[in-house]
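Novice: Questions regarding the structure given below will be posed in turn.
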Amino acid sequence: MSKGNNTMSLKALTLWCIWLCLLQVSLGAVRHYKFDVEYMLHGPDCHEHVVMGINGHFPGPTIRAQVGDTLDIALTNKLSTEGTVIHWHGIRQYGTPWADGTAAISQCAITAGETFHYRFVVDRPGTYLYHGHYGMQRAAGLYGSLIVDLAKGEKEPFHYDGEFNLLLSDWWHKSTHVQEVGLSSIPFKWINEPQSLLINGRGQYNCSMAANLMNTTLPQCKFRGNEECAPQILHVDPNKTYRIRIASTTSLASLNFAIGNHKLVVVEADGNYVEPFSVDDIDIYSGDSYSVLLTTNQDPKKNYWVSIGVRGRKPNTPQGLTILNYKTISASAFPTSPPPVTPRWDDYDRSKAFTKKIFALKGTEQPPLHYDRRLVLLNTQNLVNGYTKWAINNVSLTLPSTPYLGSIKFGLNGAFDAKSPPDNFSADYDILNPPSNPNSNIGSGVYMFRYNQVVDVILQNANVLSGTHSEIHPWHLHGHDFWVLGYGEGKFKVGDERKFNLKNPPLRNTAVIFPYGWTALRFKADNPGVWAFHCHIEPHLHMGMGVIFAEAVHKVNSIPRDALACGVLKKMFINKKHN
């Protein structure tokens, strides 16, 4: 080859390398994580307890990535006696439904000693979380934060000078195994209220940091500073704006979040921008995530309480507290005023007022004007052969041994109930005066949707089994965001569609249904896979409060062999390859 040809070849090779590098940048980086899931002894609230941790830490490590990045997380189950999975809450998993992390739905549980690779793209910015989705492992402490930043060169629609990340949770001293047995026993044994509330995995039991400022029998907390339960303090400079990312992994509690003497401007909900609005505090339900802006414009010679308290249930749990520290004074100086007062637990009008302030930021995709199919889902507490269960349209969800994704993809017969669950409930059902102790059925049926079908879901609330009250339920949809079209009182009826907001409804992945009311959602079945839709209260899901959606599963390809090699499919994957 001549010198000229060599020069041309070198130039071509150089251009090819540059193109490959640019392509790699445009597709995002691959970020590798190694997660060892194990039990350990830890004192989240100053009381040592068995905790589920990751790599020896509780909560698990914060995952941080940019839009377009691929996460490759090698999860090794070191629990020795039980399976595990992790759900990446709020990540839609386009093209990777097997990585959603739902045992018996999108994958097999990862058995003791085995490693499973979760590999997926994070396609949009926002505040997300991850947590266990097997048994009640989330309540045992298997959770962490997942933050997705904008791609380089892009800007948020709001300004801030610094950032904090807060993961909120509730905590029991009774193990989740004991809780599970009680929920599945005759007589039924409820888990009762949590012993403490945690901020970033830290709280206090049997003492309060604000005891000398409140009417309480709890003693004043005293810290050396190196305790596992010592609060993580938020250090700020005066006259700056901070973004506070807040996510709730609570098992049971709905929470109210406030910072003494400071306003909060809500700018993000569940990874979607909202029209900014200012409040004194926010209600946050299990599975919710928000970003709020805090301006440090108060007296810089004081520190201020950051507080969380229980809403929606008669509380028997003290506030969770930490401190907002103006760097102009010592971080060890406690605030001189009492913490913000948590609103009454049953002031639902206040809760509704906050929720109804949330609208999509101008320019957000609007919902289709019409739906193709509507489900009206009534949640009730029932008896099944004497066991207390939650049911949807009189069916209490039970999961099969073979993951739905594999059963549907490969056309297996008998792996789950062939009959679809009911689209509606009886027209004469009285949500205020339901039948006494009604019996229900267990089932594993699936709602099947056509690809790109527009689906409306009306969540209808009713009484609990005793017939004395109705509870708050936050519902989470996997694999999608939905538009929250509206809320209503009483029983949903013909004509209530006129109340729907089709102009600027917020996009969410979790929505609350209030006592004796309904919530209307709309989504597009544009993500091939099988997806859970369920109450995010851990014991409620454990007791059957959920449904399964499937859409265009025939379009799903390249499913990893170890995602589905269990149940009926186990022998198939031992002997055959698949697409």
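The values are calculated or read from the model by the stated rules, or taken from the named source; none is laboratory data. Model, not experiment: these values are computed from the prediction. Cβ coordinates were reconstructed from backbone atoms using ideal geometry, including for glycine residues, and neighbour counts include every protein chain displayed. Ligands, DNA and RNA are stripped out before the accessible areas are found, and what is left, the full protein with its side chains, is counted by its heavy atoms. Shrake-Rupley method; radii C 1.70, N 1.55, O 1.52, S 1.80 Å.
Novice: Does Asp347 meet the test of being open to solvent by less than 60 Å² (accessible area, probe 1.4 Å), in contact with a Pro (Cβ under 7 Å, 6 or more places away or on another chain) and modelled with pLDDT of 95 or more?
Specialist: Against the criterion (open to solvent by less than 60 Å² (accessible area, probe 1.4 Å), in contact with a Pro (Cβ under 7 Å, 6 or more places away or on another chain) and modelled with pLDDT of 95 or more), Asp347 does not qualify.
Novice: Turning to a different aspect of this structure: Give the residues of region 159-218 that are open to solvent by 10 Å² or more (accessible area, probe 1.4 Å), in contact with a His (Cβ under 8 Å, 6 or more places away or on another chain) and either among the aliphatic types (A, V, I, L, M) or over 30 Å from Tyr387 (Cα atoms) (or both), sorted by residue number.
Specialist: Tyr205, Asn206
Novice: Follow-up. For region 523-570, which residues satisfy the criterion of being of a type in the set (S, T, N, Q) and open to solvent by 10 Å² or more (accessible area, probe 1.4 Å)?
Specialist: Asn557, Ser558
Novice: So Gly135 fits all but one of (1) closer than 24 Å to Ala103 by Cβ; (2) open to solvent by less than 10 Å² (accessible area, probe 1.4 Å); (3) touching a Ser or Thr at 6+ places or on another chain (Cβ under 8 Å); what number is the exception?
Specialist: (2)
Novice: Got a sec? Which of Tyr516, Tyr487, Tyr447, Tyr451 is open to solvent by 10 Å² or more (accessible area, probe 1.4 Å), in contact with a strand residue (DSSP E or B) (Cβ under 9 Å, 6 or more places away or on another chain), among the aromatic types (Phe, Trp, Tyr) and closer than 17 Å to Asp372 by Cα?
Specialist: Tyr451
Novice: Pick from region 319-336 the residues that are at pLDDT 95 or above, in a loop (DSSP other than H, G, I, E, B) and touching a strand residue (DSSP E or B) at 6+ places or on another chain (Cβ under 8 Å): which of them is surrounded by the most Cβ atoms within 10 Å (Cβ to Cβ)?
Specialist: For region 319-336, the residue satisfying everything is Gln319.
Novice: List pairs: first in region 279-290 and within 14 Å of Ala253 (Cα to Cα), second open to solvent by 10 Å² or more (accessible area, probe 1.4 Å) and not in a strand (DSSP E or B), Cβ under 6 Å, 6+ apart or cross-chain?
Specialist: Asp283/Phe354
Novice: Taking region 383-399 on its own, how many of its residues are more than 10 Å from Ile442 (Cβ to Cβ) and either assigned to a strand (DSSP E or B) or among the charged types (D, E, K, R) (or both)?
Specialist: Qualifying residue count for the region: 4.
Novice: Looking at Asp481, Asp496, can you tell me which residue is among the acidic types (Asp, Glu), more than 25 Å from His87 (Cβ to Cβ) and open to solvent by less than 30 Å² (accessible area, probe 1.4 Å)?
Specialist: Asp496
Novice: Tally time: how many residues in region 189-220 are more than 22 Å from His131 (Cβ to Cβ) and not in a loop (DSSP other than H, G, I, E, B)?
Specialist: 5
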